[in-house]
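Participant: Got a structure for you, questions after.
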Protein chains: 2
Amino acid sequence: MERAVEEPRIVARYRLRCDADAVEDRAQKIAVEQSVEMPLAGVRDREIMENIVGKVLGVEPRGERLFEVTIGLSPRTVGADAGQLLNMLLGNTSMHEDVSLEDAEIPEPLLDVFGGPNQGIEGLRALAGVKRRALTCSALKPQGSSPERLAALAHEFALGGADFIKDDHGLADQEYSRFVERAPACARAMREAEKITGRLTHYVPSLWGSFEEIDARIRLARDEGLRAVMLAPALVGVSNLVALKRKHADLAFFAHPSFTGGARIAQPLYNKLYRLFGADAVIFATFGGRFGYSRETCRGIADGARKPLGRLRRAMPVPAGGLTLARVNETLDFYGEETMLLIGGDLLLFDRGELARQTAAFVRGVESYGEASA
Amino acid sequence: MERAVEEPRIVARYRLRCDADAVEDRAQKIAVEQSVEMPLAGVRDREIMENIVGKVLGVEPRGERLFEVTIGLSPRTVGADAGQLLNMLLGNTSMHEDVSLEDAEIPEPLLDVFGGPNQGIEGLRALAGVKRRALTCSALKPQGSSPERLAALAHEFALGGADFIKDDHGLADQEYSRFVERAPACARAMREAEKITGRLTHYVPSLWGSFEEIDARIRLARDEGLRAVMLAPALVGVSNLVALKRKHADLAFFAHPSFTGGARIAQPLYNKLYRLFGADAVIFATFGGRFGYSRETCRGIADGARKPLGRLRRAMPVPAGGLTLARVNETLDFYGEETMLLIGGDLLLFDRGELARQTAAFVRGVESYGEASA
């Protein structure tokens, strides 16, 4: 394991809340916990001390009892596994209530190991047949509805011209809505709407289960001609996302933020990692909705999805979580048009007879924003 | 979907930090978010309103601006998937910084769906050939070591008579320590030590990767005669744990707490859910070590692992995270003997020549505690 030149490190930035006289010691302890996880007095191999043990690269005050601690971690400890990358970034340290992971710069060779989105923004645009305006998405709810009822809803949304229609992320494989019934029913509703509108809306089913169950459901979705699927990587497992996007490289993967919490790993970083692991679209809770994210956080999420990151394709940011028809312009002003707007519950407040018309108004709002700013 | 009698609910307890005049509204919003996730004005199906929408069962003050909110969730929304259970318990609500999930009572039929440990405490005792004393475990470190070096360490630990030897949870499939080399090398070290001691120590390899990679590694471990494996369900995916423990029902699964954080889901509940999903042993950070868990939290973790829970087998609590030789008696006083003590770094402070002797001292300490209290 001898190496003459030191390789680039993963640069992880932690926010640490502690007394000033303790911060150097705490920073060093995080560096050890996130690498060799044992007293350094017991590490006798010089190569490990130099190239594997985490290194404190900086400690900066950020407020009263608040510090930014920058630590260099060896990419060699990650190997090629996504779960192990999260493990080395935050695994045991997640159990320290006064530490959170704010950002991580991943060296280019490790970015290439995971490879990012297969489709990215361009692929999603091509799927929707839309060149420059923002994309539109709605959601099938509520939980508890039968496949027939959800398919009927999907049909209305499609008549209204939405680009994508996703399952509520609570739709899994329940007695009242078996995946094997729901996915074909909704796919059929899309094809029937296409006969009327001349344009295919993409239904995006929600996937839950073990890898094998999800893989079987993707195969079913594929048989129904579906081109995009959704899963929650924090619960399904990020390594499964990587394996699935490799196995189904022609599909688009939507990442749902369920269970990403907010205390230990900053949302912009979480979403950036989802992009790294293969998410083509990253759904997140936008400012001013049901969740308390700031504009700054939302800017960070959009940047993580779209800004250059090695050779990775860009992922589509999908602001959601309480977005309304009235907020289309404000939202596009903020995110720009390389965005997919997801309006769920606000559309469902209308009677079924009104759904297609309201969806069309949503789509028109997005289209005309594009025209006005052209 | 008509039902005359209301079925038992999942009773979820959340801790909510908010103003007193907002708490009823916030509680209701959590109940909606964790079930139908849309404005109730848009839910037109009476059956869904009555049987699927979450119900606020109680709101109790717990301090200044602090409340316990109890919500009944429909088990029907879970189906039979472990990830979906976490999704319904905390998915989107995890993104509210002022809410945490403290406990959840799962109705017996849903407990039976997941089924819990295959081996449990009795199975682990049988594996170790130990009837009543506490079990012992040590850990292979540091990260960066070659398979040969780790196998040599494992050999010393085995000569000292440890019942189990686990990989450091940072050991995955790295260039310097390929799983296909490490697992056979350590398994061989166990067999060689057995020839000397007459007693087999169980090596417990750390598993990372997608389901398919982990499954392949388990098959390799099985070929080497190994009987126990370790994974971190929060990163590997809880649904994968369920699928793996079903597929490999004769093996024992150790659950590592990496990435379980601490802010949004109470550790005792997290560990209880790991038991539900099939962990035979739950590793956790014990009080007084490197992590800040209180005795009360640790008591809760041990209770969640061992107390009656429907028809599920009991899981073995494995206190760790900075345990030392000097703390054996104190730790056994606290947890009792249905426990596995895991000492990692403290043993590794000794020179290689001393390791077997120190491990033997650790094992003797545990044995003689049993004799003294017999």
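The values are calculated or read from the model by the stated rules, or taken from the named source; none is laboratory data. None of these values were measured; they are calculated from a predicted model. Note that we place each Cβ from the backbone using ideal geometry, even for glycine, and neighbour counts take in every protein chain shown. Remember, those area values only see protein heavy atoms, side chains included, never the ligands or the DNA or RNA. Shrake-Rupley method; radii C 1.70, N 1.55, O 1.52, S 1.80 Å.
Participant: According to a simple spin-label model (label point 7 Å from Cα along Cα-to-Cβ), what is the distance in nm between B:E122 and B:A22?
Facilitator: 5.1
Participant: Report, to the nearest whole %, how much of the accessible area of segment B:262-324 belongs to carbon and sulfur atoms, 1.4 Å probe, protein only. Provide the component values of the computation, followed by the final result.
Facilitator: Working: 950 of 1900 Å².
Answer for segment B:262-324 is 50 percent, counting heavy atoms of protein chains only.
Participant: Find the eigenvalues of the gyration tensor of the Cα atoms of the protein assembly as shown, then list the square roots of 5 times those eigenvalues as equivalent ellipsoid semi-axes, largest first, in whole angstrom. Don't jump to the answer; show the numbers that get you there.
Facilitator: Details: eigenvalues 394, 157, 116 Å².
Listed largest to smallest, the semi-axes of the protein assembly as shown are 44, 28, 24 Å.
Participant: Ok, one more. Under a 5 Å amide H to amide H cut-off, with H placed in plane at 1.01 Å, what residues pair with B:T339 once short-range neighbours are removed?
Facilitator: Amide H to amide H, under 5 Å and 5 or more residues apart or across chains, B:T339 pairs with B:L135.
Participant: Return the percentage of antiparallel bridges among DSSP beta bridges fully within chain A, rounded to the nearest 5 %.
Facilitator: On the way: 22 of 46 bridges.
For chain A, the DSSP antiparallel bridge percentage is about 50.
Participant: Please report, as a whole percent, how much of the solvent-accessible surface of segment B:1-94 comes from carbon and sulfur atoms (probe radius 1.4 Å).
Facilitator: On the way: 2000 of 4030 Å².
Here carbon and sulfur together make up 50 percent of the probe-accessible area.
Participant: Averaged per residue, what accessible area in Å² does segment B:326-365 show with a 1.4 Å probe, protein chains only? Display every interim value, and only then the final one.
Facilitator: Values: 1560 Å² over 40 residues.
Ligands and nucleic acids excluded, the result is 39 Å² per residue.
Participant: With a point put 7 Å past each Cα toward its Cβ, work out how far A:K131 is from A:E371 in nm, to one decimal.
Facilitator: The two pseudo-label positions are separated by 1.6 nm.
Participant: Check the straight Cα-Cα distances from A:K307 and name the lysines below 24 Å, setting aside those fewer than 8 residues away within the same chain.
Facilitator: A:K131, A:K245, A:K272
Participant: Work out, in µm²/s and without decimals, the Stokes-Einstein translational diffusion coefficient of segment A:110-150 at 37 °C, 0.692 mPa s, Rh from Kirkwood over C-alpha pairs.
Facilitator: On the way: Rh = 13.4 Å.
After rounding, the answer is 244 µm²/s.
Participant: A further question on this structure: How much length would be gained if the chain were fully extended between B:I196 and B:A249, taking 0.36 nm per residue of separation minus their Cα-Cα distance, in nm to one decimal?
Facilitator: Taking B:I196 through B:A249 to full extension adds about 16.0 nm, to one decimal.
Participant: Need the C-alpha centroid separation for segment B:24-77 versus segment B:174-197, integer Å.
Facilitator: When both Cα centres are located, 52 Å separates them.
Participant: Just grab the label-to-label distance for A:D351 and B:R178, each label 7 Å out from Cα along the Cβ direction, in nm (one decimal).
Facilitator: Inter-label distance under the simple model: 6.8 nm.
Participant: Also, I was wondering about something else. Determine the sum of side-chain charges near B:Y14: Lys and Arg each +1, Asp and Glu each -1, restricted to other residues whose C-beta is under 12 angstrom from that of B:Y14.
Facilitator: Working: positive: B:R13, B:R15, B:R17, B:R26, B:K29, B:R62, B:R264; negative: B:E33, B:E60, B:E68, B:D98, B:E102, B:D103.
Residues near B:Y14 contribute +1 overall.
Participant: Considering chain B as a Gaussian network with a 10 Å cut-off on Cα pairs, which listed residue, B:I265, B:I106, B:I48, attains the greatest mean-square fluctuation?
Facilitator: In this elastic network of chain B, the residue with the biggest mean-square fluctuation among B:I265, B:I106, B:I48 is B:I48.
Participant: When Cβ neighbours within 10 Å are restricted to other protein chains, what is their mean count per residue of peptide A:52-59? Can you show the working numbers first?
Facilitator: Values: counts 7, 3, 1, 0, 0, 0, 0, 0.
The shielding value for this peptide is 1.
Participant: Probe of 1.4 angstrom, ligands and nucleic acids ignored: what's the accessible area per residue over segment A:267-314, in square angstrom?
Facilitator: Roughly 35 Å² per residue, with all protein chains present.
Participant: On the principal axes of its Cα set, how long, how wide and how thick is segment A:84-156? Give whole Å, largest value first.
Facilitator: 47, 35, 20
Participant: Probe of 1.4 angstrom, ligands and nucleic acids ignored: what's the accessible area per residue over segment B:151-207, in square angstrom? Before the final figure, lay out the partial values.
Facilitator: Details: 1710 Å² over 57 residues.
Value for segment B:151-207: 30 Å² per residue.
Participant: Is it possible to state the helix-based mean residue ellipticity at 222 nm for chain B, with each DSSP H run of 4+ residues giving -39500 (n - 2.57), the sum divided by total residues, to the nearest 500 deg cm²/dmol? What is it? Display every interim value, and only then the final one.
Facilitator: Values: 15 runs with 157 residues, N = 374.
Rounded to the nearest 500, the figure is -12500 deg cm²/dmol.
Participant: Taking all protein chains as present, what is the carbon and sulfur share of the accessible area of segment A:140-216, in % to the nearest whole number, probe 1.4 Å?
Facilitator: Working: 1080 of 2220 Å².
Roughly 48 percent of what the probe reaches on segment A:140-216 is carbon or sulfur.
Participant: Also, quick follow-up: Based on the mean of other beta carbon atoms within 10 Å per residue, what is the order of B:344-355, B:308-319, most packed first? Before the final figure, lay out each step's value.
Facilitator: Details: B:344-355: 18.2, B:308-319: 21.3.
The packing order, highest mean first, is B:308-319, B:344-355.
Participant: Let me ask something else about it. Per residue of A:140-151, what is the mean number of Cβ atoms on other protein chains within 10 angstrom of that residue's Cβ? Working shown, then result.
Facilitator: On the way: counts 0, 7, 15, 14, 15, 7, 2, 0, 0, 3, 0, 0.
Mean shielding count: 5.
Participant: Let me ask you something else. Give, as a single signed number, the net charge of other residues whose beta carbon lies under 12 Å from the beta carbon of A:A279, with Lys and Arg counted +1 and Asp and Glu -1. Write down the numbers at each step before the final one.
Facilitator: On the way: positive: A:K245, A:K272, A:R275, A:R313, A:R314; negative: A:D280.
Within the 12 Å Cβ shell, the charges total +4.
Participant: Here's another thing I want to ask about it. From the Cα gyration tensor of chain B, with a ≥ b ≥ c the square roots of its eigenvalues, which class applies: rounded if a/c is under 1.5, or else prolate if a/b is larger than b/c, or else oblate? Provide the component values of the computation, followed by the final result.
Facilitator: Numbers: a/c = 2.30, a/b = 1.89, b/c = 1.22.
Because a/c hits 1.5 or more and a/b exceeds b/c, chain B counts as prolate.
Participant: Looking at segment B:148-266 only, what percent of DSSP beta bridges run antiparallel? Nearest 5 please. Don't skip to the answer; put the middle values down first.
Facilitator: Values: 1 of 9 bridges.
Restricted to segment B:148-266, the bridges split so that about 10 percent are antiparallel.
Participant: Under the rule a/c < 1.5 gives rounded, and otherwise a/b versus b/c splits prolate from oblate, where does segment A:112-204 land using the Cα gyration tensor? Don't skip to the answer; put the middle values down first.
Facilitator: Numbers: a/c = 2.33, a/b = 1.29, b/c = 1.80.
Since a/c reaches 1.5 but b/c is at least a/b, the shape of segment A:112-204 is classed as oblate.
Participant: For the pair B and A, how large is the buried accessible area, both sides, in square angstrom to the nearest 100, if the probe is 1.4 Å? Could you put the intermediate results ahead of the total?
Facilitator: Details: alone 16070 and 16100 Å², together 26160 Å².
Buried area between the two chains comes out at roughly 6000 Å².
Participant: OK, next. Per-residue mean of other chain beta-carbon atoms within 10 angstrom of the beta-carbon, peptide A:268-280?
Facilitator: Mean partner shielding for this stretch: 0.
Participant: Where does the charge balance sit around A:A104 when Lys and Arg score +1, Asp and Glu -1, over other residues with C-beta under 15 Å from its C-beta?
Facilitator: Working: positive: A:R9, A:R13, A:R15, A:K55, A:R264, A:K272, A:R275, A:K307; negative: A:E68, A:E102, A:D103, A:E105, A:E108, A:D303.
After counting each charged neighbour, the total is +2.
Participant: Here's something else I'd like to know. Of the beta bridges DSSP finds with both residues in the protein assembly as shown, what % are antiparallel, to the nearest 5? Don't jump to the answer; show the numbers that get you there.
Facilitator: On the way: 44 of 92 bridges.
Of the beta bridges lying entirely in the protein assembly as shown, close to 50 percent run antiparallel.
Participant: Of all alpha-carbon pairs in segment A:1-141, indicate the percentage at a distance above 26 angstrom. Can you show the working numbers first?
Facilitator: Details: 3893 of 9870 pairs.
Cα-Cα pairs in segment A:1-141 separated by more than 26 Å: 39 percent.
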